[in-house]
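No lab work stands behind these numbers, since they all come straight from the coordinates. For clarity, every value in this text was computed on a predicted model and none was experimentally measured. A quick note on method: Cβ atoms are made from the backbone with ideal geometry, for glycine too, and the neighbour counts reach across all protein chains shown.
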Amino acid sequence: MKKISQPHRRAVLAGLSATLAMPAVLRVTRASAQSSKFKIGFVTPQTGPLAGFGEADSFILEGVRAAFKGLQNNGKNVDVEIIMKDSQSSSNRAAEVASELIEQDNVNLLVASATPDTTNPVADQAELNEVPCVTTNAPWQPYFFGRNGDPASGFDWTYHFFWGLEDVIGNFLAMWNSSGVGKKVGGLFPNDADGNAWGDAKLGLPPALAAAGFDLVDPGRFQMLNNDFSAQISAFKEASCEIVTGVMIPPDFATFWSQAAQQGFNPKVVTIGKALLFPSVIESLGERGNGLTTEVWWSPNHPFSSTLTGQSSRQIADAYEKVTNKPWTQPIGFNHALFEVVADVVKRSADLGDASAIIDAVAKTDIMSIVGPVDWKGGNATNPVKNVKRTPLVGGQWSVKDGKPDLVIVNNDAYPDIPVGGELKLIG
């Protein structure tokens, strides 16, 4: 962590540029104008195959902006501006808009959400330019190790809260053990940050599944937006896999699941990360969506409330459904929690004009948010490395009735305070 007294890289460069380009009176006037506003840059996928992660963002920001009115720092009102940029579900675009927010919009704090495709390039730009950054909605291993993080030192300017592969593995295993089916598991891992992390021979699913007595059949990495899963399906059928797992974007799972039916492959348990998070995806699958299982990061039944609005998880989910006439989605909780962290940092920062003071406030965050505890204290299992906070995770199964999907929590072994709503049922 850099000391508050030390100027950071972006401030030095900006100061040199201003000195060369503007007269003294104009410099003072512009600096004074900027100091009255605290700018937040928010990068999220609004379009492209990851758009489901950002579907609720406009709703969230409407509530957040209203709650930010009257926000104070050291007894003074703070005018908070949130600038949202669309990553277009592209890592390159995420890096590009993060750079724009830093260099053109002069944001004080970056936040980003939705898979390593968004969080990693945004965090990398923040670290490079010494801009405070908080991210979520990406398992912590692909976020941290995918950015070549060193557990001994971590990062200086970038912090993250979400669950990890150990959490998703624990939930998946608990659901599979309760199913009573055979222990041959077909693995579907794309050639991206998530897929490479989940399928990693040392840190991913393979060693954990082997230790639990499951046999993973991994046909190898596939490119995203794949149009032919025949090789994977053939391998799973040959091995008599009754369970299928992996991490996929929704279009890829839809292709796989359709081709599995066409080729007579009918597993009894299908537990897929990322692709099966959204009710819109399950609706698109029709009756074939019934019985599919996935991780559950947040739901209306989570026993947490917002430090920003005071709303319970149920109240926020109900408000979203009333306003949009759409079913609640899991990213609502975490994207809302991002701005709970922001509000807390704004209140506590010793100097909102000093990036070092802002990141110091981020590091000292300690709140009970809508998704559970968020802190980076260290010294316990929920802070595996300096920049990461692990959050609660449970397991769920989709139930489709009259074309309407309902995500039912069926495993809460790791967090008994989050109530279950039913028992796991086999597909078919």
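Rounded, prolate or oblate: which one fits the stretch 119-188, using the alpha carbon gyration tensor with axes a ≥ b ≥ c (rounded when a/c is under 1.5, else prolate when a/b beats b/c, else oblate)?
Numbers: a/c = 3.30, a/b = 3.17, b/c = 1.04.
Cα axes put the stretch 119-188 in the prolate bin.
Compute for the stretch 159-253: radius of gyration divided by Kirkwood radius, i.e. Rg/Rh, restricted to C-alpha atoms, rounded to two decimals. Before the final figure, lay out the partial values.
Numbers: Rg = 13.2 Å, Rh = 13.8 Å.
That ratio is 0.96, to two decimals.
In whole angstrom, how long is each semi-axis of the equivalent ellipsoid of the chain, when you take the square root of 5 times every eigenvalue of its Cα gyration tensor and sort them from largest down? Before the final figure, lay out the partial values.
Working: eigenvalues 321, 97, 75 Å².
Taking √(5λ) for each eigenvalue gives 40, 22, 19 Å, largest first.
Taking the 0 to 90 degree range and rounding to the nearest ten, how far is the long axis of helix 165-179 tilted relative to the main principal axis of the chain, both from C-alpha atoms?
Roughly 20 degrees, rounded to the nearest 10.
Would you mind classifying the stretch 212-255 by shape? Square roots of the alpha carbon gyration tensor eigenvalues, ordered a ≥ b ≥ c; an a/c under 1.5 is rounded, otherwise it is prolate if a/b is larger than b/c and oblate if not.
Values: a/c = 2.15, a/b = 1.61, b/c = 1.33.
Prolate shape, in that a/c is at least 1.5 and a/b is the bigger ratio.
Computed from the mean reciprocal separation of all distinct C-alpha pairs, what Kirkwood hydrodynamic radius does the stretch 287-345 have, in Å?
On the way: mean 1/r = 0.0795 Å⁻¹.
When all Cα pairs of the stretch 287-345 are included, the Kirkwood radius is 12.6 Å.
On a 0 to 90° scale, report how tilted helix 115-129 is relative to the longest principal axis of the chain, with both axes built from alpha carbons and the result rounded to the nearest 10.
Roughly 20 degrees between the two axes.
Expressed as a whole number of Å, what is the distance separating the alpha-carbon centroids of the stretch 303-380 and the stretch 217-253?
Between the Cα centres of the stretch 217-253 and the stretch 303-380 lies a distance of 36 Å.
Specify the inter-centroid distance of the stretch 82-128 and the stretch 395-428, based on alpha-carbon positions, in whole Å.
34 Å
Select from the stretch 322-428 those trypsin sites (Lys or Arg not before Pro) which occupy a DSSP coil region and have at most 16 other Cβ atoms within 10 Å, ordered by residue number. Walk me through the numbers on the way to the answer.
Numbers: sites: LYS322, LYS347, ARG348, LYS364, LYS377, LYS386, LYS389, ARG390, LYS401, LYS425; in loops: LYS364, LYS377, LYS386, ARG390, LYS425.
Listed in order of number, the matching sites are LYS364, LYS377, LYS425.
Where both residues lie in the stretch 200-316, what percent of DSSP beta bridges are antiparallel, nearest 5?
Of all bridge pairs located within the stretch 200-316, approximately 10 percent are antiparallel.
Counting only C-alpha contacts under 8 Å and six or more residues apart, can you give the relative contact order of the stretch 140-203 as a whole percent?
37 percent.
What angle, in degrees between 0 and 90 and rounded to the nearest 10, separates the Cα long axis of helix 24-35 from the longest principal axis of the Cα atoms of the chain?
40 degrees
In deg cm²/dmol and to the nearest 500, what is the mean residue ellipticity at 222 nm of the chain if only DSSP H runs of at least 4 residues count, each as -39500 (n - 2.57), divided by the residue total?
Taken over the chain, the calculation gives -12000 deg cm²/dmol.
In whole Å, what are the Cα extents of the stretch 71-116 along the three principal axes, biggest one first?
Principal-axis extents of the stretch 71-116 (Cα, largest first): 40, 22, 12 Å.
Under 10 Å, Cα contacts only: if you run a Gaussian network model on the chain, which one of ALA193, ALA361, ALA66 comes out with the highest mean-square fluctuation?
ALA66
Counting only Cα atoms, I'd like the Rg/Rh figure for the stretch 182-311, Kirkwood definition for Rh.
Working: Rg = 15.9 Å, Rh = 15.6 Å.
Using only Cα positions, Rg/Rh for the stretch 182-311 is 1.01.
Based on the Kirkwood radius over alpha-carbon pairs, what value in µm²/s does the Stokes-Einstein equation return for the translational diffusion coefficient of the stretch 333-397 at 10 °C and 1.306 mPa s? Provide the component values of the computation, followed by the final result.
Values: Rh = 12.7 Å.
Translational diffusion coefficient: 125 µm²/s.
Note down the relative contact order for the chain as a percent, whole number, built from C-alpha pairs under 8 angstrom at least six residues apart.
On the way: 846 pairs, mean separation 68.8, N = 428.
About 16 percent, as a whole number.
I want the antiparallel fraction of DSSP beta bridges within the chain, as a percent rounded to 5.
Values: 18 of 55 bridges.
Once the DSSP bridges in the chain are tallied, antiparallel ones form about 35 percent.
With the contact rule set at Cα under 8 Å and sequence spacing of 6 or more, what percent relative contact order holds for the stretch 84-187? Before the final figure, lay out the partial values.
On the way: 125 pairs, mean separation 22.3, N = 104.
After rounding, I find 21 percent.
Find how much the distance from GLN259 to ASN383 grows on full extension, using 0.36 nm per residue of separation minus their present alpha carbon separation; answer in nm with one decimal.
Details: separation 124, 0.36 × 124 = 44.64 nm, distance 4.09 nm.
Between GLN259 and ASN383, full extension yields 40.6 nm more.
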